[in-house]
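First comes the structure, then the notes that go with it.
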Amino acid sequence: MSGACTVVTGASSGIGAAVAARLLARGENVVAVARRADVLAELYGTCPTAVCAAVDLESPDATARVAAAIKERFDTVRGFVHAAGFVSPAPLGLVQDETAHRLFSVHALFPLQFLGWLAKRTNHSDGAAAVLVSSLAAHEGDCGNAAYAAAKGAVEGLLRPAAAELAPRGVRVNAVVLGVVDTPMAQGSWMARCTPEQIDARRARYPLGFGTPEKVADVIDFFLGEASAWITGQCLVADGGHQLT
């Protein structure tokens, strides 16, 4: 294969998988990035326009490894979606240094480094677009979520300087700021520790209900496409009306 591709991190499940599936369904080239090679092979191994890149984004050489996977098969990047992430709730006084470093590495350091690589003209297509995934956690006082919220806050801090630097090259950078999305990550973290009644009480604070990966993929697809060609450096909140309550 050659030509341009879209890089999607967190492509093994949830939002990343929904975005990758949508792009591949319409015949676009995708570099699917996640830690587990077996899951990537199961999802994308038979797709002729997909490249699987089993990379741990916590590793210091993550950007170099993703870049190598891109250049082995494609000429340039037309899109970048950073949907990889994890949560590790803990009271502020019990946050472990290792956990904090992991959160910042995956959520903020990798997109900072990858956008730096993407800034080189030989690496991006004209009109390329990047979409970073943030969270309302960075804007709310959710006890026990300080490390995750700080990492997502760093993502939003990266957004505008990166967008300003890349705009002269025709590369757009935007972010989606999400409320609760019903993903495997949510199901395996806070939902697993809540009773059905507690989950229902939280859902009641979302007038349009919890999000789904497919609904978030709709928003991300907008930022990747020509309909948003005059938009950069913006955070779009997608929260099912939660902030109205």
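Can you spot a residue in the stretch 37-44 that is part of a loop (DSSP other than H, G, I, E, B) and at pLDDT 95 or above?
Within the stretch 37-44 (the criterion being part of a loop (DSSP other than H, G, I, E, B) and at pLDDT 95 or above), the answer is no, since none of the residues qualifies.
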Suppose we keep only residues that are more than 19 Å from residue 106 (Cα to Cα) and of a type in the set (Asp, Glu) within the stretch 132-161. Which one would you say is surrounded by the fewest Cβ atoms within 10 Å (Cβ to Cβ)?
140
Within the stretch 87-109, tally of residues that are in contact (Cβ under 8 Å) with a residue 12 or more places away in the chain and under 19 Å from residue 162 (Cβ atoms):
5
Criterion: in contact with a helix residue (DSSP H, G or I) (Cβ under 6 Å, 6 or more places away or on another chain) and either over 21 Å from residue 220 (Cα atoms) or not in a helix (DSSP H, G or I) (or both) - qualifying residue of 153, 141, 85:
85
I need the full set of residues from the stretch 182-213 which are acidic (Asp, Glu) and under 19 Å from residue 134 (Cβ atoms), in order please.
182
Look through the stretch 103-131, keep the residues that are assigned to a strand (DSSP E or B) and not polar (S, T, N, Q), and return whichever of them is surrounded by the fewest Cβ atoms within 10 Å (Cβ to Cβ).
126
Does residue 130 satisfy being in contact with a Gly (Cβ under 9 Å, 6 or more places away or on another chain), small (Gly, Ala, Ser) and in contact (Cβ under 8 Å) with a residue 60 or more places away in the chain?
no
Only residues that are assigned to a strand (DSSP E or B) and either under 20 Å from residue 215 (Cβ atoms) or more than 12 Å from the chain's Cα centre (by Cα) (or both): list them for the stretch 1-31, please.
4, 5, 6, 8, 9, 30, 31
Applying the selection to the stretch 189-227, what residues are surrounded by 12 or more Cβ atoms within 10 Å (Cβ to Cβ), in a helix (DSSP H, G or I) and of a type outside the set (A, V, I, L, M)?
198, 202, 203, 213, 214, 215, 218, 221, 222, 223
Can you tell me which residue in the stretch 15-28 is nearest to residue 187 (Cα to Cα), limited to those that are surrounded by fewer than 23 Cβ atoms within 10 Å (Cβ to Cβ) and not aliphatic (A, V, I, L, M)?
22
Kindly indicate whether residue 51 is closer than 17 Å to residue 115 by Cβ and in contact with a strand residue (DSSP E or B) (Cβ under 8 Å, 6 or more places away or on another chain).
no
Would you check if there is a residue in the stretch 65-75 being of a type outside the set (Phe, Trp, Tyr), over 23 Å from residue 217 (Cβ atoms) and not in a helix (DSSP H, G or I)?
yes
Taking the conditions exactly as written (hydroxyl-bearing (Ser, Thr, Tyr), touching a strand residue (DSSP E or B) at 6+ places or on another chain (Cβ under 7 Å) and either modelled with pLDDT of 95 or more or within 22 Å of residue 162 (Cα to Cα) (or both)), does residue 76 satisfy them or not?
yes
I need every pair where a residue in the stretch 187-203 that is within 23 Å of residue 15 (Cβ to Cβ) has its Cβ under 7 Å from the Cβ of a residue that is loosely packed, with under 15 Cβ neighbours inside 10 Å and not polar (S, T, N, Q), sequence separation at least 6 or different chains.
203/209
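The values are calculated or read from the model by the stated rules, or taken from the named source; none is laboratory data. From a predicted model like this one, the values you see are computed outputs, not experimental measurements. Methodologically, a virtual Cβ is constructed for each residue, glycine included, from the backbone with ideal geometry; neighbour enumeration extends over all protein chains shown.
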